[in-house]
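Structure, as structure tokens:
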Amino acid sequence: MLKIILHAPNQIMPFCEPARELRIQNSPLWLHQRNLLAPYVTREMELKQGERLQPVREQAIVYRDNLFFDEPFITEFMKQALKLNRPVRAAFRADDPAFREHALPLSISYTPAGSLYLADLWYYPNGPVAGAEPLVIDMQAREIGYYHVPTYMGDQSGDLVFQVPLRSLIAIDSWVHIFIADMVFGQFARGARFEKRLNEDLNFKLKILGKAIFEGRQVLECSELVKVGKGCVIDPSAVIHGPTIIGDNVTINAGAVIENCVIGNNVNVSQDVQLMLSVVGDGAFLPFRTALFMTTIMENTMVAQNTCLQMCVVGRNTFIGAGSTFTDYNLIPAPIRARDGNGDLSVSNRPVLGGAVGHNCRIGSGMVIYPARTIESDVVLAASVERRVIDRDITFDQSDHHKQKLAHLHQTPYHKKSKAESW
């Protein structure tokens with residue numbers, strides 16, 4: 001089967017990079033897509049923006065390269081498409097809870113079609129032709145509550161709930177979609193699938209219980225739920241609850257608490273670090289008492305001591321200084337707005353949301369960042385009397401390094417044409 005990849009034209013801000021290059025579930029999106037489609041395809045071709053597709057007369061999968069989908073979704077899509085044996089396009093019902101609440105807000109990639117929304121994923125049994133019919137895939141959402149939003153805080157009071165799908169697909173048009181893909185459609189969904197299997201498969205339940213008893217551990221701490229790679233050093237006093245995946249050559253020091261996380265290779269987790277429902281990229285360094293909650297940090301990033309990140313996305317090769325705080329509530333109970341796929345401020349449909357930091361940033365100590373604010377790639381921010389609280393998006397032109405005598409020492413790989421370029 002032929003795989004045809006369509007390039008999404010827009011860059012995802014504040015990363016200054018297309019979605020395909022960004023890491024989701026600690027893997028570049030293009031690689032994640034390739035691995036999941038590998039069982040179905042034998043060759044591939046890419047179409048850049050504006051490039052015409054030459055006639056093809058063979059079985060083909062066509063998709064946009066900003067799509068994140070998981071194995072349960074693509075398995076069900078291919079199963080139904082092959083059974084129908086006619087041109088189809090992935091579609092969602094407008095009232096599908098997971099799609100309506102999490103995938104649709106801030107997006108520009110779905111095509112409305114009556115009560116359906118069409119995604120950029122097609123199957124053609126005899127090559128691309130016009131007129132593919134919608135193929136609705138039920139995301140099998142289940143409502144999972146997390147904590148209570150007081151009436152005097154968010155614009156949406158009551159329990160903070162997520163519509164967690166057992167089958168996931170989302171177009172990455174905004175940094176918020178990376179948060180949704182990693183947390184709601186990733187960490188939460190993996191836990192929901194585990195609970196479903198535990199409730200429906202008696203043999204699996206007995207296997208888990210047997211392994212926990214044999215190892216002398218609690219169920220959530222047994223090796224069936226906490227997967228540890230090679231060459232890891234884990235202090236006995238660390239608390240690690242699954243489902244958690246830990247890569248190779250990871251060091252986890254005394255007092256660390258880790259719950260339902262993905263941790264990459266060569267990561268250093270220092271004393272008393274707390275990681276909950278988070279994704280930590282390869283080569284990351286988390287000094288003592290760093291706290292991440294429902295947060296993604298990409299590869300080779302450092303979040304210094306006593307820093308708290310909640311519901312944030314941080315790019316690669318970035319440093320966030322000690323004692324910084326990314327807030328996630330509007331103190332005045334107004335809706336939180338975030339940048340959509342067109343770069344415009346729109347309602348995020350989230351009562352609680354952190355911020356986003358691009359690649360190759362240097363954020364000084366003691367900064368306070370308001371909800372949903374973004375800091376563009378290559379930015380340097382130093383706390384000062386004039387600027388210690390970030391209450392608006394920060395662009396590269398506003399970076400503090402432009403005012404410094406040694407600005408040329410700060411390399412800016414995501415703004416190579418700027419005057420501050422160092423090579």
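The values are calculated or read from the model by the stated rules, or taken from the named source; none is laboratory data. All of these numbers come straight from a predicted model, not from anything done at the bench. We place every Cβ from the backbone using ideal geometry, glycine too, and count neighbours over all the protein chains shown. What goes into the accessible areas is simple: the full protein's heavy atoms, side chains included, and nothing from ligands, DNA or RNA. Shrake-Rupley method; radii C 1.70, N 1.55, O 1.52, S 1.80 Å.
Worth pointing out:
- Among the residues of the stretch 18-38, some residue qualifies, meaning at least one is more than 20 Å from the chain's Cα centre (by Cα) and either polar (S, T, N, Q) or over 20 Å from SER109 (Cα atoms) (or both).
- If the condition is being at pLDDT 95 or above and open to solvent by 40 Å² or more (accessible area, probe 1.4 Å), then the stretch 306-322 contributes ASN317, PHE319.
- Selection within the stretch 122-141: residues that are touching a residue at least 60 places away in the same chain (Cβ under 8 Å) and buried (at least 16 other Cβ atoms within 10 Å of the Cβ). The member of this set that is nearest to the chain's Cα centre (by Cα) is MET139.
- Qualifying residue in the stretch 394-412 (condition: within 23 Å of the chain's Cα centre (by Cα) and under 16 Å from THR327 (Cβ atoms)): yes
- Filter pass, ASP282 being within 18 Å of the chain's Cα centre (by Cα), of a type outside the set (A, V, I, L, M), on the phi < 0 side of the Ramachandran plot and at pLDDT 95 or above: yes
- Selected residue (criterion: least open to solvent (accessible area, probe 1.4 Å)) from residues of the stretch 410-423 that are modelled with pLDDT of 85 or more and in contact with a helix residue (DSSP H, G or I) (Cβ under 9 Å, 6 or more places away or on another chain): THR412
- Residue in the stretch 54-70 that is modelled with pLDDT of 95 or more, open to solvent by 80 Å² or more (accessible area, probe 1.4 Å) and out of contact with any strand residue (DSSP E or B) (no Cβ under 9 Å at 6 or more places or on another chain) present: no
- The listed residue being open to solvent by 10 Å² or more (accessible area, probe 1.4 Å), without any contact (Cβ under 8 Å) to a residue 24 or more places away in the chain and not hydrophobic (A, V, I, L, M, F, W, C), out of ARG339, ARG373: ARG373
- Against the test of being of a type in the set (Ser, Thr, Tyr), more than 15 Å from ARG350 (Cα to Cα), open to solvent by 10 Å² or more (accessible area, probe 1.4 Å) and at pLDDT below 95, the options SER157, SER223 yield a single qualifying residue, SER223.
- Meets criteria (open to solvent by 40 Å² or more (accessible area, probe 1.4 Å), at pLDDT 95 or above and either of a type in the set (Phe, Trp, Tyr) or under 22 Å from ILE12 (Cα atoms) (or both)) for ARG392: no
- Of residues in the stretch 99-115 being among the aliphatic types (A, V, I, L, M) and open to solvent by 30 Å² or more (accessible area, probe 1.4 Å), the one nearest to LEU6 (Cα to Cα): ILE108
- Matching option when the condition is in contact (Cβ under 8 Å) with a residue 60 or more places away in the chain and not small (Gly, Ala, Ser), among PHE214, PHE185: PHE185
- Near pairs, Cβ below 8 angstrom, 6+ apart or cross-chain, from the stretch 400-411 (touching a residue at least 24 places away in the same chain (Cβ under 8 Å)) to any residue that is aromatic (Phe, Trp, Tyr): GLN411/TRP423
- Within the stretch 55-81, the only residue that satisfies the criterion of being over 22 Å from the mean Cα position of the chain (by Cα) and free of Cβ contacts under 8 Å to residues at least 12 places away in the same chain is LYS79.
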